[in-house]
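Structure, as structure tokens:
The values are calculated or read from the model by the stated rules, or taken from the named source; none is laboratory data. Computed from a prediction, not measured in an experiment: that's the story for all the values here. Note: ideal-geometry Cβ built from the backbone for every residue, glycine included; neighbour counts use all protein chains shown. All accessible areas refer to the heavy atoms of the entire protein, side chains included, with ligands and DNA or RNA removed. Shrake-Rupley method; radii C 1.70, N 1.55, O 1.52, S 1.80 Å.
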Amino acid sequence: MRNPFTFAYIEEQLATARRAGYEFIRCIDYVVEKISIPTKCVVMRVDIDENVAKTDRLLTIFSILNIKATFFVRLHGKYNPLEFSNFLTIKRILEDGHELGYHSEIVDESEIWSEEPAACLKRDLKIMSTAFGVEIRGVASHGGRTGLNNLDFWQNRSPKEFGLMYEAYDQEVDFGLFHKSLYITDSEWTQWKSYLNGRLLVGDKRSLCEHLEIEQPLVYLLIHPETYFDRHPYD
Ligand SMILES: [Zn+2]
């Protein structure tokens, strides 16, 4: 099947969910305002994996649809978050009222640099909060090409030990969202993938809208700006 992930497509997916009465909130809102989260709720997460360039398009769509999201930014990938245009985009993320989180590669760092992963995490959080002038309260572990799992760091550790309020896949009482929601992701680039309460829905390629045909009280949606295009996937 042809890759459907155009910007027009994701805008229509999100608009349909909004028309159906879904509120889109940031990860931190789910932690802080758990008692008052909307009855039809999408926790919106954006991982910036390969480049920042297309993030502005998503920001415009989110602004039109009154969607709030958490954007997770890498520090050690191919893009430089401090590059002039990228820095402007990340400033816009904050100015538009979204949350900025750290897209963690601390296990990769510790392996490549022979350093302690906890020290890498503390340094990265300090760099991000200094660079962007905000406290970083959430981390999402990136899956890269090292073959290592950056999530492994959290097996015996709690985000609170590092002054954080959540890790995107944690099982803490305060967050634990992946394990108690319908999680839908575009991480396979050309098709959707989903998990229910932390378990893969094998072979289920339904889109957000198709899932929402049956009312879902709590959706955890992950998208990547690089997935989307106008004319062709490489534009
Ligand atoms: Zn990632």
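Taking first residues from the stretch 215-235 that are under 14 Å from Gln13 (Cβ atoms) and partners that are open to solvent by 40 Å² or more (accessible area, probe 1.4 Å) and assigned to a helix (DSSP H, G or I), the Cβ contacts under 8 Å between residues at least 6 apart in sequence or on separate chains come to Tyr228/Tyr9; Tyr228/Arg57.
Of the listed requirements (1) open to solvent by 40 Å² or more (accessible area, probe 1.4 Å); (2) at pLDDT 95 or above, Phe162 misses just one: (1). Can you find even one residue in the stretch 127-143 that is out of contact with any His (no Cβ under 8 Å at 6 or more places or on another chain), within 16 Å of the ligand (Cβ to nearest atom), more than 23 Å from Leu59 (Cα to Cα) and outside any helix (DSSP H, G or I)? Checked the stretch 127-143: at least one residue is out of contact with any His (no Cβ under 8 Å at 6 or more places or on another chain), within 16 Å of the ligand (Cβ to nearest atom), more than 23 Å from Leu59 (Cα to Cα) and outside any helix (DSSP H, G or I). The sole residue among Tyr220, Tyr169, Tyr183, Tyr195 that is open to solvent by less than 70 Å² (accessible area, probe 1.4 Å), at pLDDT 95 or above, touching a Leu at 6+ places or on another chain (Cβ under 8 Å) and part of a loop (DSSP other than H, G, I, E, B) is Tyr169.
Taken as a whole, the structure places Ala69 among residues that are within 17 Å of the chain's Cα centre (by Cα), under 18 Å from Leu212 (Cβ atoms) and small (Gly, Ala, Ser). Output yes when any residue across the stretch 28-51 is among the β-branched types (Val, Ile, Thr) and within 16 Å of the ligand (Cβ to nearest atom), and no when none is. Within the stretch 28-51, one or more residues are among the β-branched types (Val, Ile, Thr) and within 16 Å of the ligand (Cβ to nearest atom). Of all the residues in the stretch 111-142, those that are in contact (Cβ under 8 Å) with a residue 40 or more places away in the chain, over 26 Å from Leu88 (Cβ atoms) and open to solvent by 20 Å² or more (accessible area, probe 1.4 Å) number 2. Looking across the stretch 165-196 at every residue that is in contact with a Lys or Arg (Cβ under 6 Å, 6 or more places away or on another chain) and of a type outside the set (Phe, Trp, Tyr), the one that is farthest from Tyr228 (Cα to Cα) is identified as Met165.
Taken over the stretch 34-49, residues that are modelled with pLDDT of 95 or more and either out of contact with any Pro (no Cβ under 9 Å at 6 or more places or on another chain) or within 12 Å of Pro225 (Cβ to Cβ) (or both) amount to 8.
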